[in-house]
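So the structure is just underneath, and the comments pick up after that.
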Amino acid sequence: MELEDRVVVVTGAGSGIGEAIARAAHAAGARHVVVADLNGAEAERVANDIGGAAVAIDVRGYGRSSKPLAADVLRRPWHVG
């Protein structure tokens, strides 16, 4: 997947597989990586490491569709690392 110059939102990115995906997106040339996680402190840690933005969010209520989640993430205040 081509990520250069794209904005990437990764949920669960404060640790584990989500963190690895956020780091890989950054390494692949994503223009901006939004690190979304229920644990805001961990999201900020990863965002600071990769120069992304952190957002604390609980994604469990969004079901299978990513569009409402993406819209909600984009409306929230971000902490840019």
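The values are calculated or read from the model by the stated rules, or taken from the named source; none is laboratory data. The shown structure was predicted, so the numbers you read here are calculated from the model rather than taken from an experiment. Every residue, glycine as well, gets a Cβ built from its backbone with ideal geometry; the counts of neighbours run over all protein chains shown. These area figures cover heavy atoms from the full protein model, side chains too; ligands, DNA and RNA do not enter into them. Shrake-Rupley method; radii C 1.70, N 1.55, O 1.52, S 1.80 Å.
Residues considered: A70, A27. Of these, the only one that is small (G, A, S) and open to solvent by 70 Å² or more (accessible area, probe 1.4 Å) is A27. Of everything listed in (1) in a helix (DSSP H, G or I); (2) modelled with pLDDT under 95, the single unmet condition for V34 is (1). Screening G81 with (1) at pLDDT 95 or above; (2) over 14 Å from V10 (Cα atoms) gives one miss only, at (1). Residues in the stretch 40-66 that are out of contact with any helix residue (DSSP H, G or I) (no Cβ under 7 Å at 6 or more places or on another chain) and surrounded by 14 or more Cβ atoms within 10 Å (Cβ to Cβ): G40, E42, A43, E44, R45, A47, N48, D49.
Taken over the stretch 9-23, the criterion of being assigned to a helix (DSSP H, G or I), closer than 23 Å to K67 by Cβ and either modelled with pLDDT under 95 or aliphatic (A, V, I, L, M) (or both) is satisfied by I17, I21, A22.
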